[in-house]
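Peer 1: After the structure tokens below, expect a handful of questions from me.
The values are calculated or read from the model by the stated rules, or taken from the named source; none is laboratory data. Quick caveat: nothing in here was measured; it's all calculated off a predicted structure. A quick note on method: Cβ atoms are made from the backbone with ideal geometry, for glycine too, and the neighbour counts reach across all protein chains shown. Surface areas here come from the heavy atoms of the whole protein model, side chains and all, with no ligands, DNA or RNA. Shrake-Rupley method; radii C 1.70, N 1.55, O 1.52, S 1.80 Å.
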Amino acid sequence: QVQLVESGGGLVQPGGSLRLSCAASGFTFSTYPMRWYRQASGKERELVAHIDNSGNLTMYADSVKGRFTISRDNVKNTVYLQMNSLKPEDLAVYYCNAPRYYSGGSYSPAYWGQGTQVTVSS
């Protein structure tokens, strides 16, 4: 049974920090790139950060560059999102995603977590 379980969301004041975690199970985590998405109320889901399977390559949305850091631990099967200098516009539900990728002549399935709420407010 595949699971992506996010944790670490909550209420924080502007300028504060949160660290999101996503624990993976039921699939070969170390072969997958991983992503964090977010979706604010009334808006489309947007890609926030991406990390390759080894952890050596990371990419970020312009809106979070310099403030957020994605990382992973392939022993613990966990991906993290460290969020610093949070702004009210970072308020959203944050989702962990294992995107499908092409390897060996076929695509792997994609997986999603259930989401964790991040609220930035004074």
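Peer 1: Cβ under 14 Å from Gly55's Cβ, Gly55 left aside: what net charge do those residues give with Lys, Arg +1 and Asp, Glu -1?
Peer 2: Net charge in that neighbourhood comes out at +1.
Peer 1: Now for a different question. Would you mind getting the accessible area per residue of the chain, heavy atoms of the protein chains only, 1.4 Å probe, in Å²?
Peer 2: I get 53 Å² per residue for the chain.
Peer 1: Just to be sure I understand: of the beta bridges DSSP finds with both ends in the chain, what percent are antiparallel, rounded to 5?
Peer 2: 90
Peer 1: Determine the sum of side-chain charges near Val79: Lys and Arg each +1, Asp and Glu each -1, restricted to other residues whose C-beta is under 15 angstrom from that of Val79.
Peer 2: Local net charge: +2.
Peer 1: Peptides 19-31, 50-62: what's the order by average Cβ count within 10 Å, highest mean first?
Peer 2: 19-31, 50-62
Peer 1: Leaving out ligands, DNA and RNA, and with a 1.4 Å probe, what % of the accessible surface on the chain is carbon or sulfur?
Peer 2: 46
Peer 1: Cβ neighbours within 10 Å, averaged per peptide: list 78-89, 2-13, 104-115 in order, most packed at the top.
Peer 2: For the peptides 78-89, 2-13, 104-115, the packing ranking is 78-89, 2-13, 104-115.
Peer 1: Could you work out the relative contact order of the chain, using alpha carbon pairs under 8 angstrom and six or more residues apart, expressed as a whole percent?
Peer 2: Rounded, it is 35 percent for the chain.
Peer 1: Using the Cα centre as the reference, give the magnitude of the dipole from point charges on the C-beta atoms of the range 1-108 (Lys, Arg: +1; Asp, Glu: -1; all else neutral), rounded to the nearest 20 debye.
Peer 2: In debye, rounded to 20, the range 1-108 gives about 60.
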